[in-house]
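Beneath this line is the structure, given in structure tokens, with notes to follow.
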Amino acid sequence: MAKADPHVKLKAFQPTCEYFVGIDSDGCAFDTMEPKHKECFCPTTVWIWNLASVSKYAREAWDFVNLYSKLRGCNRFLALQHVMNLLREREEVQRRGVPIPELPDLKAWTERESALGNPALEAEVKKTENAELARCLDWSRQINAAVARIVKGVPPFPGVRESLELLAGKADLMVVSATPGEALEREWEEHGIARYMGLIAGQEMGSKKEHLQIAAGGKYPPEKILMIGDAPGDLKAAQANKAMFYPVNPGHEEDSWDRFVREAGPKFLA
């Protein structure tokens, strides 16, 4: 059976306005990075991968990779590999003799697959019956369940709604995220701002670079394509598509959105 095309909706995205704006979600539009990673991702990682004996170091590694490093905002399956590599190198972990998973099969899968989400992983597990990938899938599903259970009532940053209102009718808007689509739909709908977006693209539709390339590339002039994000990966996605970029600076998100409404947004649309 032919593999389903994860890019169908991106390919079907058609311009209705002169400009295009892609907006990241976690840590950019919503203040959800801390609760998701500290209350959902990290505890689930310690549980599923039997890291309780080095939980202090696992938490430090997880938070560093996902919140405080240049890898901030990367896909969860890539983040898991980075965290395990850091733990394996740490002397305190080595002295405790704790075995840290090497995840070679996950590495191979992430190198050949671009739509790094549960649907693609489910298909791979069904096809190969690979035990390591099945465990990764369980880990990812448990994270999604924890996020749905815990992360509720977190509004968008002040200035986000005003920015969407500024752009509405002048630019085609799309969520460009490495978060699962189900969570994105729920969070944007919960706060009444999904109605501004022409498409909500999550990890199942490919990388952020692919989101911009397929949805906007060749459909708008590069200087009229803007990516708004809080992580180096967002900048790289914009650069790869020769698009404009506006940073929402971690720790200064409200100031960043205020400046977008007052200065950057009007300048982009001028």
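Laboratory data are not the source of any read-out in this text; all were calculated from the coordinates shown. From a predicted model like this one, the values you see are computed outputs, not experimental measurements. For neighbour counting, all protein chains shown are included, and Cβ atoms are generated from backbone atoms with ideal geometry for every residue, glycine included.
Structure summary
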quantity	calculated
Filter on Lys11/Lys38; Lys208/Lys267; Lys126/Lys219; Lys152/Lys242; Lys9/Lys152 - keep pairs with C-alpha separation over 30 Å	Lys11/Lys38; Lys126/Lys219; Lys152/Lys242
For the chain, built as a Gaussian network whose Cα springs stay under 10 Å, the top-fluctuating residue of Ala238, Ala29, Ala12	Ala12
Ranking of Ile200, Ile228 by count of other Cβ atoms within 10 Å, fewest first	Ile200, Ile228
At most 15 other Cβ within 10 Å, DSSP loop - GluC sites (Glu not before Pro), region 76-122	Glu102
Share antiparallel - DSSP beta bridges, the chain, percent rounded to 5	5
Axial C-alpha extent at least 27 Å, average Kyte-Doolittle at least -0.5 - helices from the chain (DSSP)	131-150
Projected-area mean, region 34-150, by convex hull of Cα positions, square nanometres	7.1
For Cα extents along the principal axes in Å, calculated from these coordinates, the label among (i) 63, 41, 26; (ii) 60, 46, 32; (iii) 75, 53, 30	(ii)
Proxy reagent accessibility, fewest Cβ within 10 Å first, across Val46, Val54	Val46, Val54
Order by protection proxy (mean Cβ within 10 Å, highest first), peptides 136-142, 65-71	136-142, 65-71
Centroid-to-centroid separation of region 52-114 and region 212-247 [C-alpha atoms, Å]	28
For the chain, built as a Gaussian network whose Cα springs stay under 10 Å, the top-fluctuating residue of Met174, Met244, Met205	Met244
Amide proton proximity set for Phe30, modelled H, under 5 Å, gap of 5+	Phe157
